[in-house]
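Just so you know, all these numbers are worked out from the coordinates, no wet-lab data involved. In this text, all values refer to a predicted model and were calculated from it rather than measured experimentally. Glycine gets a Cβ as well: all are built from the backbone with ideal geometry, and neighbour counts include every protein chain shown.
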Amino acid sequence: MLSSRIHKISAGAACLVAAFTGATVSSAAGADSTTDVPTYQEFRAATYVDVDGAYVVNGDEAVSGNGELKKFYERLVGPESTPTEGLVVNTVNGVDDRWSAAQVANLTYCVSTKFGTRHDDIVAAMSAGAGLWEAASSKIDFVYVPAQDGKCTTRNNTVLFSVEPVATTQYIARAFFPSTPKRQRNVLVDDSIWTSGTWEPGDILGHELGHTLGFRHEHTRPESGTCFEDNNWRPLTPYDSSSIMHYPQCNGGSADLAFQASDAEGARALYGS
Ligand SMILES: [Zn+2]
């Protein structure tokens, strides 16, 4: 997620997105000379490419490969819907991006031993972040599988996802959505998670795990007045500017990333109580 550097990245992305949606775009093919809408080539060139080749959009969300980035771009410049209403779930082609009841009760993960001396701290922060959502809904269960820590990569099919270290200036941590293919299904964590001011590591990973459950950034909702991303989501609760999924720097109502009652309510709305 975010850092002071990411704030700049996110702000830049938000501006780019605002330019997209503020323009009259007649086709997904994008730009003509009368709008500020970048062509796909311009958009792709401006998008950060991560260590694993994934494109990073909306600050901390991975998109795998050129084909998926093109689809993301086309959704961004496509016709707008008009959502009216804390927590919002990602949608893919209008369908909720969520786990099955069986899968959400068994969200297995490993924590790479490559975290070295910080390994146990990451395990603890993951447990804290997972515990936020698990306390909200008895249907949600993140299951730590320490036996897989020594081979904890996206290629490990014993677990649903891996938690791995990364060294980047682009974000603090990065996550995925339920619809993300296995080969890109990891949570990447930079060392800056330990020096992120008022943001507790457990809350930062709680935010990332919110993405893994299907939840989008709360600030993409029109009520935030800024940082719009796209309209491919469905509201689960009334808007909450203090949601753990709302960047504080996007007109957020809270300086930290504390978990809110609305987040719990949204999780129950999607997965049951
Ligand atoms: Zn995020």
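Straight-line reach only, C-alpha to C-alpha below 14 angstrom: list the aspartates and glutamates that Lys139 could link to, leaving out same-chain residues fewer than 8 apart. Leaving aside aspartates and glutamates fewer than 8 places away in the same chain, those within reach of Lys139 are Glu265.
Each peptide among 265-273, 91-99 gets the average number of other Cβ atoms lying within 10 Å of its residues, and from highest to lowest they stand as 265-273, 91-99. Sorted from longest to shortest, the spans of the Cα atoms of region 133-273 along the three principal axes equal 44, 35, 26 Å.
Legend: P(r) of region 116-207 from all alpha carbon pair distances, 5 Å bins from 0, whole percents, reading 3, 13, 22, 27, 22, 11, 2, 0. Here the residues Asp263, Asp141, ranked from fewest to most Cβ neighbours within 10 Å of their Cβ, fall in the order Asp141, Asp263. Report note on the peptides 210-217, 125-132, 67-74: ranked by the mean count of other C-beta atoms within 10 Å, highest first, their order is 210-217, 125-132, 67-74.
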